[in-house]
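A quick write-up on the structure given underneath.
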Amino acid sequence: MKLYKTDALVLRNLSRGDIDQLLVLFSLEYGKLKVMAHGSRKITSRKRGAVQPLTLTRFLIHKGRYLDSVRQCEELESFPELFLRMDRICYASYAVELIENSTVEGEANQVLFAVLVETLRQLGRGDPEIIARAFALKLITLVGYKPVLDLCAKCRKNLTGKALAFSPPAGGFLCADCARENSENQMVMCHRGTLETIKLMLAWELSKLGQLKVDSGTRGELYYVLKLHLEYHLGYRCATEMFIDKLRNRNNRYNTKS
Ligand SMILES: [Zn+2]
């Protein structure tokens with residue numbers, strides 16, 4: 001009998017039949033995994049709590065011929081603060097979606113695993129939008145698409161001046177001269193504060209970033225920088241981000257009316 005143990009965060013659970021679920025996990029030892037949890041939808045199932053999305057669980061898994069299945073599981077940590085506010089749960093879903101779409105099944109990334117777990121803890125404590133942006137930047141870096149931040153990504157000169165641009169095809173920030181030449185390509189105009197905030201987000205621990213004060217202009221530029229960079233390098237549009245956009249636009253409309 002082939003059994004293996006792993007600690008994993010449940011990214012998604014999909015119903016299969018009346019009582020089973022297919023789990024998508026991000027595990028410490030094996031990266032992304034898909035496993036069956038037989039009987040886990042039964043009201044009386046002991047597995048029920050431990051297989052919920054956004055739960056950190058210790059699994060004992062049986063290696064199957066086609067699909068592995070959960071033999072035992074024990075909840076290690078849930079993140080109850082996430083469920084108290086809509087913005088926290090939205091950004092937690094954003095983090096989980098990015099993990100699912102940027103990692104390969106069976107490839108472990110222990111640093112990214114630790115960053116994801118810490119992100120879920122900090123989303124319940126600090127500014128969720130800032131924690132989520134910092135998570136996305138750390139993820140991009142850990143999967144190999146760290147943006148060029150210290151020099152112009154095109155001409156390699158120092159980034160002087162206040163007005164800069166960010167170009168995903170060039171792989172990072174551009175000086176004002178290269179931004180003018182690059183104007184027909186995908187690009188976001190940015191002020192220096194956005195570049196400095198990105199550097200802080202990559203250098204600081206998430207626990208410290210939750211208290212970082214970021215003005216609305218920088219938040220807007222961070223949103224576009226990350227959206228374009230993720231879309232360009234991961235090749236897909238984040239559905240949760242689109243949902244958050246719709247929610248924000250609806251709230252702004254109501255706020256304007258009142
Ligand atoms: Zn340049």
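Quick note: the coordinates plus some simple rules give every number you see, no bench work behind them. Quick caveat: nothing in here was measured; it's all calculated off a predicted structure. FYI the Cβ positions are ideal-geometry reconstructions off the backbone, even for glycines, and counts take in every protein chain you see.
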Quick one: net charge around Asn185, please, counting Lys, Arg +1 and Asp, Glu -1 for every other residue with C-beta under 15 Å from its C-beta.
-> -2
Percent relative contact order of the range 3-78, based on C-alpha pairs within less than 8 angstrom and at least six residues apart?
-> 31 percent
What does the charge add up to near Leu76, with Lys and Arg as +1, Asp and Glu as -1, over the other residues with Cβ less than 9 Å from its Cβ?
-> -3
Around Gly124, what is the net charge, scoring Lys/Arg as +1 and Asp/Glu as -1 over all other residues with Cβ under 10 Å from its Cβ?
-> +3
Å³ per residue enclosed by the Cα convex hull of the range 35-128 | 116 Å³
Sequence of Lys32, Lys213 once ranked by neighbouring C-beta atoms within 10 Å, starting from the fewest | Lys213, Lys32
Give the peptides 7-13, 200-206 in descending order of average Cβ contacts within 10 Å, highest first.
-> 7-13, 200-206
Express in nm, to one decimal, how much length is gained between Arg156 and Leu60 on full extension, taking 0.36 nm for each residue of separation and deducting their alpha carbon distance.
-> 29.5 nm
Starting from the amide H of Asp68, placed 1.01 Å from N in the peptide plane, find each other amide H under 5 Å away whose residue is 5 or more places distant or on another chain.
-> Met36
Going by a ≥ b ≥ c, the root eigenvalues of the Cα gyration tensor, does the chain fall in the rounded group (a/c under 1.5), the prolate group (a/b larger than b/c) or the oblate group?
-> prolate
Among Lys138/Lys213; Lys34/Lys138; Lys157/Lys213, the pairs whose Cα-Cα distance exceeds 26 Å are Lys157/Lys213
Quick shape check on the range 130-258: root eigenvalues a ≥ b ≥ c of the Cα gyration tensor, a/c under 1.5 is rounded, otherwise prolate if a/b tops b/c, else oblate, and it reads prolate
For helix 192-203, report the angle its Cα long axis makes with the longest principal axis of the Cα atoms of the chain; keep it between 0 and 90° and round to the nearest 10°.
-> 30 degrees
Is the shape of the range 173-248 rounded, prolate or oblate, going by the alpha carbon gyration tensor and its root eigenvalues a ≥ b ≥ c, with a/c under 1.5 for rounded and a/b larger than b/c for prolate?
-> oblate
